[in-house]
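The values are calculated or read from the model by the stated rules, or taken from the named source; none is laboratory data. Since this is a predicted model, take the numbers as computed values, not measurements. Because the Cβ atoms are built from the backbone with ideal geometry, glycine has one as well, and the counts that use them run over all protein chains shown.
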Amino acid sequence: MALAQLLQWSGGSRPASAVGYIYKEEGGNLHRWVVQSHGGVQNFVAAHADAGDPGIGPCPLAACVLADFGADAASLAGGAMMLAMGVLLALLERSKSGCGQVIDAAMVDGANYTALPLFKWMQTGLVPVGSDGHMKASDFILCQAPHWSDVYLCKEDPAKKGTRQYVSVQAIEPQFYRVLLKGLGLATEELPSQYDRKAWPQMKSRFAEIFRTKTRDEWAQVFKGTDACCVPVLNATEAAAHPHNRKRRSFEPTPGAPGVFEPAPAPKLSRTPGHVPRPCPVPGGNTREVLLENCFSKSEVDNLLKEGVIAEARRELSKL
């Protein structure tokens, strides 16, 4: 349909795409060409991340950092989150100009942009780069190269037979590293400098041996209330039951799944808080309702459906 017409509707609509098309307007109509295949985080990481030296096995740099944004970095961080932010930016701008605009939120663009700090770190030397242009994972902090930035396996808990439990160590600053050494019983020993890269493999092996002498929960008690930056790694069920998360109500029950919890909406707004988890929606099940609530008339909605601009879920006919 005509782009100019769409932008004028309802005081400035906000057409948006989160796929990765190239757009071009010709004669008032909006055309698109697919230029990026869909492959999610695996394809993105394969194309953008350096997996490190063979046999070492550190987490790929891009995957490590982008994982903070969701399970599928390209779809969530690069697509959904960028699209949502684009809509908010367009709404703010529309309050000044009164005009709508197209929000082109391509997943590959968003995933690239979330990696901006990594590019800056490579340019400034914080990320070690080899002569071949690839990041040197064995020398970089965020790839768990040093012994004071890694995840360690703990002693098996007799009360949880057959499980593997871990602690995460991120004692990057010297003052935190000293507290960590004290908790590990190494404070009084003569040790290599924290940033002696040649000693990292040896110290990592030593740390691994020490952490296997206690269970995860025992180490949690050792470092409780300290600045050692050593914390237990919790599974999804344990995270929902953690006292801090319960106090914050960071998790809420999943509808239709007794005993199962999921993250609650964040951030928390004081006057208009987010909804507690609701049953999974049906794609297109609320198309008409949402448009009517946003000042579209019934005839406009009917026309959009007729022209195939929007769609709604088909309702099953009653057998009665």
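A few remarks follow.
- Candidates in the stretch 160-186 are the residues that are out of contact with any strand residue (DSSP E or B) (no Cβ under 8 Å at 6 or more places or on another chain) and among the aliphatic types (A, V, I, L, M); of these, the one that is surrounded by the fewest Cβ atoms within 10 Å (Cβ to Cβ) is Leu186.
- Tally of residues being in a helix (DSSP H, G or I) and closer than 15 Å to Thr215 by Cα across the stretch 161-184: 1
- Residue in the stretch 161-173 that is free of Cβ contacts under 8 Å to residues at least 40 places away in the same chain, out of contact with any Gly (no Cβ under 6 Å at 6 or more places or on another chain) and hydrophobic (A, V, I, L, M, F, W, C) present: no
- Test: residue in the stretch 141-159 that is on the phi > 0 side of the Ramachandran plot and either of a type in the set (Phe, Trp, Tyr) or surrounded by 15 or more Cβ atoms within 10 Å (Cβ to Cβ) (or both): yes
- Among the candidates Gly79, Gly86, the residue that is out of contact with any Phe, Trp or Tyr (no Cβ under 9 Å at 6 or more places or on another chain), surrounded by 15 or more Cβ atoms within 10 Å (Cβ to Cβ) and modelled with pLDDT of 85 or more is uniquely Gly86.
- Residue-level check: of (1) farther than 24 Å from Leu126 by Cβ; (2) in contact (Cβ under 8 Å) with a residue 40 or more places away in the chain, Glu190 misses just (2).
- Filter result (outside any helix (DSSP H, G or I), loosely packed, with under 14 Cβ neighbours inside 10 Å and of a type in the set (D, E, K, R)) within the stretch 192-226: Asp196, Arg212, Lys224
- Residues of the stretch 254-265 that are loosely packed, with under 10 Cβ neighbours inside 10 Å and in contact (Cβ under 8 Å) with a residue 12 or more places away in the chain: Gly256 alone.
- Matching residues in the stretch 235-286 - criterion: being modelled with pLDDT under 90 and basic (Lys, Arg): Arg278
- Single unsatisfied condition, Glu189 versus (1) outside any loop (DSSP other than H, G, I, E, B); (2) loosely packed, with under 13 Cβ neighbours inside 10 Å; (3) modelled with pLDDT under 95: (1)
- Test: residue in the stretch 208-224 that is farther than 30 Å from Lys182 by Cβ and of a type in the set (Gly, Ala, Ser): no
- Check on Thr213, more than 30 Å from Gly79 (Cα to Cα), over 29 Å from the mean Cα position of the chain (by Cα) and touching a residue at least 40 places away in the same chain (Cβ under 8 Å): yes
- Apart from one condition, Asp227 fits all of (1) touching a residue at least 40 places away in the same chain (Cβ under 8 Å); (2) closer than 21 Å to Leu153 by Cβ; the exception is (2).
- Taking the criterion of being buried (at least 17 other Cβ atoms within 10 Å of the Cβ) and within 23 Å of the chain's Cα centre (by Cα), the residues of the stretch 123-140 that qualify are Val127, Met135, Ala137, Phe140.
- Within the stretch 266-316, tally of residues that are surrounded by 11 or more Cβ atoms within 10 Å (Cβ to Cβ) and not in a loop (DSSP other than H, G, I, E, B): 12
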